[in-house]
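Below is one structure, written out as structure tokens, with a few remarks after it.
The values are calculated or read from the model by the stated rules, or taken from the named source; none is laboratory data. Keep in mind that what you see is a predicted model, and the values were worked out from it rather than measured. Cβ sites come from the backbone with ideal geometry, for glycine too, and all protein chains shown count toward neighbours. Areas reflect the complete protein model, heavy atoms only, side chains present, ligands, DNA and RNA absent. Shrake-Rupley method; radii C 1.70, N 1.55, O 1.52, S 1.80 Å.
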Amino acid sequence: MDTHMLTTPNAVHIRKAKVADHPAVIDIVRATGFFRPTEIEIAFEVFDEAAMNKRGSNYRSYVAEVADQVVGWICFGATPGTLGTFDVYWIVVDPARQRHRVGSQLLEFAETDIRKQKGRLIVIETSGSERYLPTRNFYEQNAYHLAADVKDFYAPGDDKWIFAKKLS
Ligand SMILES: CC(C)(COP(=O)(O)OP(=O)(O)OC[C@H]1O[C@@H](n2cnc3c(N)ncnc32)[C@H](O)[C@@H]1OP(=O)(O)O)[C@@H](O)C(=O)NCCC(=O)NCCS
């Protein structure tokens, strides 16, 4: 699936990410204020690998647009070595556009795409720190449940929370 159109006035249009989207996506990643410089570097690499369709890459990368402006990004892919498990690696929404269901629509889009690829389980990792409370709430609202809490994973006192959702 390449496009997804809603008919409301502030319609969200989801399409495959292109190399030309790089600056807009990285601006959004930065603007969230959620990510350390090293994480932003990783976002750069992941975005480019996906957008350039590098051989062997299993990243699937989509942007959400409102009125032709990029307002969000999601990157997911089959987890190597598993049968039907997929990871959502990145999801970000422009802070000015948050709480308008752009993130939920990106996630629903990914779930539909994953189902089509016969995916059965989606895993998302995030931080257990205070700052990520809204993010964890977002996953829970989208029917992801906490599958594991790896204590002190990112740093002392900063756990890794692993969310999962079984697709029906
Ligand atoms: C997490 C994120 C992608 C959510 O995108 P979004 O478009 O704002 O989310 P939605 O509008 O679809 O939210 C759906 C529900 O999730 C919950 N939620 C979302 N953002 C929330 C917040 N800041 N505080 C509390 N609950 C929140 C709410 O229940 C919301 O429904 P409601 O607005 O009707 O109450 C976005 O906030 C973001 O980019 N955060 C920073 C980056 C990040 O944490 N990415 C994930 C890295 S692992």
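Values as computed for the structure displayed
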| item | result |
| --- | --- |
| Projected label distance in nm at PHE44 and GLN69, using a 7 Å step from Cα toward the beta-carbon | 2.6 nm |
| Shape box of region 127-168 [Cα atoms, principal axes, largest first, Å] | 36, 18, 9 |
| Per-residue [θ]222 nm for the chain (sum of -39500 (n - 2.57) over DSSP H runs n ≥ 4, rounded to 500) | -9000 deg cm²/dmol |
| Å² of accessible area per residue within region 127-168, as computed with a 1.4 Å probe and no ligands counted | 62 Å² |
| Fraction of accessible area attributable to carbon and sulfur, region 127-168 (%, probe 1.4 Å) | 55 percent |
| Isotropically averaged projected area of the chain, using the convex hull of Cα atoms (one quarter of hull area), nm² | 9.8 nm² |
| ALA148-ASP27 pseudo-label distance in nm [points 7 Å out on the Cα-to-Cβ vector] | 3.9 nm |
| Segments 116-127, 70-81 sorted - mean Cβ within 10 Å per residue, highest first | 70-81, 116-127 |
| GNM result for the chain, Cα springs below 10 Å: residue of PRO156, PRO23, PRO37 fluctuating most strongly | PRO156 |
| Only Lys, Arg (+1) and Asp, Glu (-1) charged, at Cβ; region 10-105 dipole about Cα centre in debye | 260 debye |
| Check: region 84-166 dipole with +1 on Lys, Arg Cβ and -1 on Asp, Glu Cβ, in debye | 400 debye |
| Computed over the chain: relative contact order in percent, which uses C-alpha pairs under 8 Å that are six or more apart | 17 percent |
| Per residue solvent-accessible surface (Å²) - region 4-119, probe of 1.4 Å | 54 Å² |
| Net charge dipole size for region 115-154 [Lys, Arg +1 and Asp, Glu -1 on Cβ; Debye, nearest 20] | 420 debye |
| Partner lysines for LYS116 [C-alpha distance under 24 Å; skip if fewer than 8 residues away on the same chain] | LYS16, LYS18, LYS54, LYS165, LYS166 |
| Within a Gaussian network of the chain (alpha carbon springs, distance under 10 Å), most fluctuating of ALA64, ALA148, ALA17 | ALA148 |
| Fully extended contour minus Cα-Cα distance, from ASP158 to THR85, at 0.36 nm per residue | 23.7 nm |
| Residue order for HIS13, HIS100, HIS145 - accessible surface, 1.4 angstrom probe, largest first | HIS100, HIS145, HIS13 |
| Gyration tensor verdict on region 25-81 (Cα atoms; rounded if a/c is under 1.5, prolate if a/b is larger than b/c, oblate otherwise) | oblate |
| Antiparallel bridge percentage (DSSP; both residues within the chain; nearest 5) | 90 percent |
| Additional length obtainable on full extension of the chain from HIS13 to MET52, 0.36 nm per residue less Cα span | 11.9 nm |
